[in-house]
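*Asks:* Okay, here's the structure, questions in a sec.
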Amino acid sequence: MSEFSTNQASTCQVVGQLLDQLRRHPKRVVFTDGEDPRVIAAAARLVAEQAVAPILLGDRDRIRALAAEHGIPLTFIHLIDPPKSGDFRLFCQRVENIARYRSVQASPPEEIVARPHYFGSLMVQYGQADAVVGGNRSVPSAFYRALIQTIKPLASVPKIFATTLLQGDHLKHLGGNGLVFLADCGLIPQPTIEELASIALETGKLARHLLGRMPHVAMLSHSTKGSSTTPDAKRMAAAAALARAQAAADFLDIEIEGELQADVALDPAAAEIKLPGASVRPSADVLVFPNLDAAHISLKLMEHCAGAQAYGQIILGLARPAAHLPTTATVETIFGTAAAVAVEAIKYHLLHPDADY
């Protein structure tokens with residue numbers, strides 16, 4: 001059997017629920033790294049699940065050859081070679097307008113639009129796809145740059161960031177559904193109080209949409225409820241207070257607590273010991289970390305040592321759904337990430353009513 005066979009292990013419960021939603025509301029997902037057997041296999045699996053209409057960018061002959069080599073069907077998978085696309089000239093004009101509006105010196109539009117990351121981002125920005133997924137064959141900065149330069153940011157989010165979905169049914173206390181959201185795992189090295197509050201709210205809204213219930217958000221620290229008075233602990237406590245106030249003002253169905261140590265956030269028994277007299281709390285669904293180092297290190301330890309399955313990173317703060325994949329992404333990672341970002345697209349206008357559509 002091919003290393004990239006579409007016959008994968010049984011899908012976890014949460015991803016199965018996402019697929020159920022997509023069968024009722026299928027979405028178009030464009031993959032910028034189409035010349036990758038892992039992406040081709042994930043796309044074929046999404047078609048087999050009748051959940052997503054995949055669009056693969058790259059050289060068509062190369063993609064067909066890779067699919068044939070690994071025995072992967074291309075049925076109902078749309079292939080686009082950006083320079084040969086009928087929309088190539090239109091997108092070049094759009095890039096010229098963007099450069100003129102921003103008053104920046106850029107490469108020739110033809111050179112920019114020919115790059116799959118930019119072409120895929122433009123497809124999403126202008127409504128020719130519902131979500132974009134990529135980055136698994138390039139450095140993260142190249143993919144992020146294409147997103148930032150072509151997709152409008154949300155005015156309500158001070159800075160774009162990344163959240164990763166971590167699933168592990170075999171692990172104790174990993175979220176209420178065996179799924180936990182980790183943020184920010186990819187972009188902001190040292191977020192401010194305002195940025196931390198925004199990370200908590202935006203990730204909470206995504207969790208509410210994907211889980212279908214009120215999520216529990218924990219602002220993580222080495223301190224729990226004032227057990228330490230370091231500046232970093234106070235920063236997380238202030239971010240939690242700001243996020244709670246904003247959630248109440250916007251009538252959001254999100255519970256936010258902090259600052260909390262990780263064991264208090266995830267293990268009800270530890271919370272009962274460290275917070276005597278407090279009400280019994282469920283495991284947190286969203287973990288907001290104090291900085292990028294803590295988040296990214298925790299993600300990699302959970303994934304590579306504890307055997308958790310990661311999906312994402314989902315990029316939040318843009319006016320269209322997008323996800324970045326690590327270079328080590330498996331077919332399962334690509335498959336689940338595409339499903340998550342496609343479900344995000346179903347009700348994106350409700351998640352972000354101020355987005356310019």
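The values are calculated or read from the model by the stated rules, or taken from the named source; none is laboratory data. Just so we're clear, the structure is a prediction, and the values are computed from it rather than from any experiment. Heads up, the Cβs are rebuilt from the backbone with ideal geometry, glycines too, and the neighbour counts pull from every protein chain shown.
*Asks:* Which of the residues that make up segment 259-292 are more than 23 Å from GLN167 (Cα to Cα) and either touching a strand residue (DSSP E or B) at 6+ places or on another chain (Cβ under 8 Å) or buried (at least 18 other Cβ atoms within 10 Å of the Cβ) (or both)?
*Replies:* Kept after step one, since they are more than 23 Å from GLN167 (Cα to Cα), are these residues of segment 259-292: 259, 272-280.
Scanning segment 259-292 gives a single hit, GLU259.
*Asks:* Having 3 or more residues that are under 20 Å from the mean Cα position of the chain (by Cα) is the bar; report the helices (runs of 4 or more DSSP H) wholly within segment 255-342 that clear it. Break it down stepwise before answering.
*Replies:* Working: elements: 262-266, 268-274, 292-304.
Here the list reads 292-304.
*Asks:* Among residues belonging to segment 60-82 that are part of a helix (DSSP H, G or I) and in contact with a Lys or Arg (Cβ under 9 Å, 6 or more places away or on another chain), point out the one that is surrounded by the most Cβ atoms within 10 Å (Cβ to Cβ).
*Replies:* Step one: of segment 60-82, the residues part of a helix (DSSP H, G or I) are 60-69, 82.
Next cut, in contact with a Lys or Arg (Cβ under 9 Å, 6 or more places away or on another chain) only: 60, 82.
Details: ARG60: 16, PRO82: 22.
Once the filter is applied, the top-ranked residue is PRO82.
*Asks:* Could you look through segment 117-145, keep only residues that are in a strand (DSSP E or B) and of a type in the set (A, V, I, L, M, F, W, C), and pick out the one that is surrounded by the fewest Cβ atoms within 10 Å (Cβ to Cβ)?
*Replies:* Residues of segment 117-145 in a strand (DSSP E or B): 131-134.
From what's left, of a type in the set (A, V, I, L, M, F, W, C): 131-133.
On the way: ALA131: 27, VAL132: 34, VAL133: 33.
In this case the residue turns out to be ALA131.
*Asks:* For segment 28-59, give me each residue that is surrounded by 16 or more Cβ atoms within 10 Å (Cβ to Cβ) and in a helix (DSSP H, G or I).
*Replies:* PRO37, ARG38, VAL39, ILE40, ALA41, ALA42, ALA43, ALA44, ARG45, LEU46, VAL47
*Asks:* Filter segment 251-292 down to the residues that are among the charged types (D, E, K, R) and touching a residue at least 12 places away in the same chain (Cβ under 8 Å) and list them by number. Write out each step before concluding.
*Replies:* Narrowing segment 251-292 to residues among the charged types (D, E, K, R): 253, 255, 257, 259, 263, 267, 272, 274, 281, 285.
ASP253, GLU255, GLU257, GLU259, ASP267, LYS274, ARG281, ASP285, listed by residue number.
*Asks:* Within segment 1-56, take every residue that is of a type in the set (Ser, Thr, Tyr) and more than 13 Å from HIS78 (Cα to Cα) and give me the one that is modelled with the highest pLDDT. Break it down into steps so the answer makes sense when it comes.
*Replies:* Of all residues in segment 1-56, those of a type in the set (Ser, Thr, Tyr) come to 2, 5-6, 10-11, 32.
The next check asks that each one be more than 13 Å from HIS78 (Cα to Cα); those that pass are 2, 5-6, 10-11.
Details: SER2: 51, SER5: 56, THR6: 55, SER10: 47, THR11: 63.
By that ranking, first place goes to THR11.
*Asks:* What single numbered condition from (1) hydrophobic (A, V, I, L, M, F, W, C); (2) more than 23 Å from GLU303 (Cβ to Cβ); (3) buried (at least 18 other Cβ atoms within 10 Å of the Cβ) fails to hold for ILE148?
*Replies:* (3)
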